[in-house]
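Just below is one structure, and these are the notes that go with it.
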Amino acid sequence: MSNNRGRGLQANALGTSDTVVMAVAGSAPAYSLAATTAVLAGAVGLASPAALLWCAIPMLGIALAFSYLGRIDVNAGASYSWVGRTLHPFLGFVSGWALVVSATIFMVAGSLPAGSMTLSLFDADLADNVALSTVVGAAWFLVMLAVVLGGARLTVRAQLLMSGIELAILLLFAVLALFHTGNARSFDWSWLGFSHFDGVSGFASGALIAAFYYWGWDVTSNLSEETRNSRRTTGLAGLIGVGIVFALFEVFTIAANVILSSDQIDANKANVLGVLGEEIWPGWGGKLLIAAVLLSTIATLETTLIQVTRSLFAMGRDRTMPTALGRVHRTWNTPHVAIGVVGAVALTLFIASNALGSVGEILDDAIKAIGLQIAVYYGLAGLAVVVAYRKTLFRSAGNFLLGGLWPLCGAVFMFWIFVESLGELSTAAIAIGIGGLAAGLVPMLWYWKQGSDYYRPAKLDATRTVEADYVPDEPATVHARAYEGLPTDF
């Protein structure tokens, strides 16, 4: 191995509270509610709260899987590293690729609403202009790209400001919704049960969309190399994040069922939260909630950029993708090449998205396609933790339940909704979802033939943790061994 030491990511830049904020921002409560409520209502009607409730239980299992795996392997690639070292390197690559593709698609699905929301603050009619929304959304995207390029500390400071204001507005409206009169319908406990689903396939399609709501809390794992005490912190923050956004999702989805009619939800597909705010607080409410959604959207663009660029960084470092992606900027300690590549690809997709139709139509297909890809990499992580902890599962009831049974049930659930929902999705959603995954076979097979060390892994085992040094960020020698983790103070 070369004696030169390359620069790595900025270690110990984030604390526990920072990481919790990143987990909540990653799931983007206001954005998810605004962009996805109409899609979920279109799929399951009044059963939206039930879909979110019954998806939260297996999602907590996946969060437990990430928590347990993060304790034994600190890696910016997260599930890409864990799955590759437990199940098979090919499955590990697919796991990492699924995150990269879903996050890249989200650049469009997230930036378009950011553009339309910004425009709607000035003129409601402008919000439906796809071309103008694309330009404004692309501008927001470039701002977030610059923030992420500037380093982990700058990223967290921006996140604290945006998410703090967003959560304050959401909590205000959650309280106001309790006192609202003149509702479209009365609350019904059956909304939390199974009676409103259109059979098993209807439940599966609702759960797939619900998975998109929750997606993003796992950004904490991609930030593990930049977090203090990360073997404990990143997993705990992910679990807390899932709990917080679950509560917000349930409150606002029930409020939408109570306060808005089905026609109102259908007529305002990309702006349900704005209409809900106008009903709760006429005059100011709509504008305030649109501002919350805008902040949430910009905040989650930032966390998604972190996820995709850190994943590509880990892949470049392991030489399963071009090695340039594994380089780190000497001043900012960020993977600047990966950030530049993602920016260029996303801007190209922005331009292409103009040919796809309205903002609402683009969102509908993109959300469902992303749901398929999320189900794949979350499901694989759920299986990986059982394999990694197989020698310790029967040492205690806690180990068996939290590190084995619950994550395994979460994995089975994710694969089930993947298979079951295929018959319900549009051709476009399936083409984007499955086609995006299939495209990863090309780099996977190419770099496997090139002999990357990633494809000859040391197996991950919970009886020992992984602590290794960085490899240089200059072009590596043939014998350079792949990075496997960063020592922490845990």
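Relative to the globular-protein estimate of 2.2 N^0.38 Å, the Cα radius of gyration of region 370-460 stands at 1.36. Modelled this way, with points 7 Å down the Cα-to-C-beta line, the labels at residue 391 and residue 449 are 3.7 nm from one another. Helix 406-421 against the longest principal axis of the chain: what's the angle in degrees, Cα atoms only, rounded to the nearest 10? Roughly 60 degrees between the two axes. Calculate the translational D of region 245-390 in whole µm² s⁻¹ from Stokes-Einstein, where the hydrodynamic radius comes from the Kirkwood formula applied to all Cα pairs, the temperature is 4 °C and the viscosity 1.567 mPa s. So the translational diffusion coefficient is about 69 µm²/s. These residues, 303, 348, go from largest to smallest accessible area, 1.4 Å probe, as 348, 303.
Which three numbers, in whole Å and largest first, are the semi-axes of the equivalent ellipsoid of region 175-235 derived from its Cα gyration tensor as √(5λ)?
That gives 36, 21, 9 Å for the three semi-axes.
Using a Förster distance of 30 Å, how high is the FRET efficiency between residue 458 and residue 324, based on the Cβ-Cβ distance and rounded to 0.05? So, using R0 = 30 Å, E works out to roughly 0.70. Across the chain, the convex hull enclosing all Cα atoms gives 128 Å³ per residue. Under the convention that each Lys and Arg Cβ holds +1 and each Asp and Glu Cβ holds -1, the size of the dipole of the chain around its Cα centre is about 1860 debye.
If you plug the beta carbon distance of residue 183 and residue 157 into 1/(1 + (r/R0)^6) with R0 = 41 Å, you get a FRET efficiency near 0.55.
With all pairs of separate Cα atoms included, region 1-107 yields a Kirkwood hydrodynamic radius of 16.9 Å. Averaged over its residues, region 175-265 has an accessible area of 36 Å² per residue, based on protein heavy atoms and a 1.4 Å probe.
Among 397, 211, 179, whose Cα projects farthest towards the positive end of the dipole of the chain, with charges put on the beta-carbon of Lys, Arg (+1) and Asp, Glu (-1)? Working it through, the farthest residue towards the positive pole turns out to be 397.
Ordered from largest to smallest accessible area (heavy atoms of protein chains, 1.4 Å probe), the residues 313, 187, 394, 418 come out as 394, 187, 418, 313.
Rolling a 1.4 Å probe over the protein heavy atoms leaves residue 198 with an accessible area of roughly 120 Å².
Placing 55, 409 in order of accessible area, with the largest value first and a 1.4 Å probe, yields 409, 55. For the chain, the relative contact order works out to 33 percent when only alpha carbon pairs closer than 8 Å and six or more residues apart are counted.
For region 228-268, the residues whose amide N sits under 18 Å from a probe point set 7 Å from the Cα of residue 171 along the beta carbon direction are 240-252.
Can you pull the percent of the chain's accessible area that's carbon plus sulfur, 1.4 Å probe, other chains left in place?
Here carbon and sulfur together make up 65 percent of the probe-accessible area.
Tell me what the chain gives for mean residue ellipticity at 222 nm when only DSSP H runs of n ≥ 4 count, each as -39,500 (n - 2.57), the sum divided by the residue total, rounded to 500 deg cm²/dmol. The partial results should precede the final answer.
Working: 19 runs with 327 residues, N = 490.
So the helix-based figure for the chain works out to -22500 deg cm²/dmol.
Amide H contacts for residue 14 (H built 1.01 Å from N in the peptide plane; partners 5 or more residues away or on another chain; cut-off under 5 Å): 227, 228. Accessible area per residue for region 1-127, computed on protein heavy atoms with a 1.4 Å probe, is 24 Å².
For residue 76, the residues whose modelled amide H falls within less than 5 Å of its own, excluding neighbours fewer than 5 places apart on the same chain, are 225. Remark: the residue 121-residue 284 segment gains 57.6 nm on full extension, using 0.36 nm per residue and subtracting the alpha carbon distance. When a/c reaches 1.5 or more, the comparison of a/b and b/c decides; with that in mind, is region 132-180 rounded, prolate or oblate per its Cα gyration tensor? It comes out oblate by the Cα gyration axes.
Where does helix 336-353 land angle-wise versus the long Cα axis of the chain, in degrees 0 to 90, nearest 10? Roughly 40 degrees, rounded to the nearest 10. Here is the tail figure for region 68-158: Cα pairs spaced more than 16 Å apart come to 67 percent of all pairs.
Helix 130-149 axis versus longest C-alpha principal axis of the chain: approximately 40°, rounded to the nearest ten. Computed with every protein chain present, the accessible area of residue 287 is close to 90 Å² [probe 1.4 Å].
The values are calculated or read from the model by the stated rules, or taken from the named source; none is laboratory data. No experiment lies behind these values; they were computed from the predicted model shown. Neighbour counts are summed over all protein chains in view; Cβ atoms, including those assigned to glycine, are modelled from backbone coordinates with ideal geometry. What goes into the accessible areas is simple: the full protein's heavy atoms, side chains included, and nothing from ligands, DNA or RNA. Shrake-Rupley method; radii C 1.70, N 1.55, O 1.52, S 1.80 Å.
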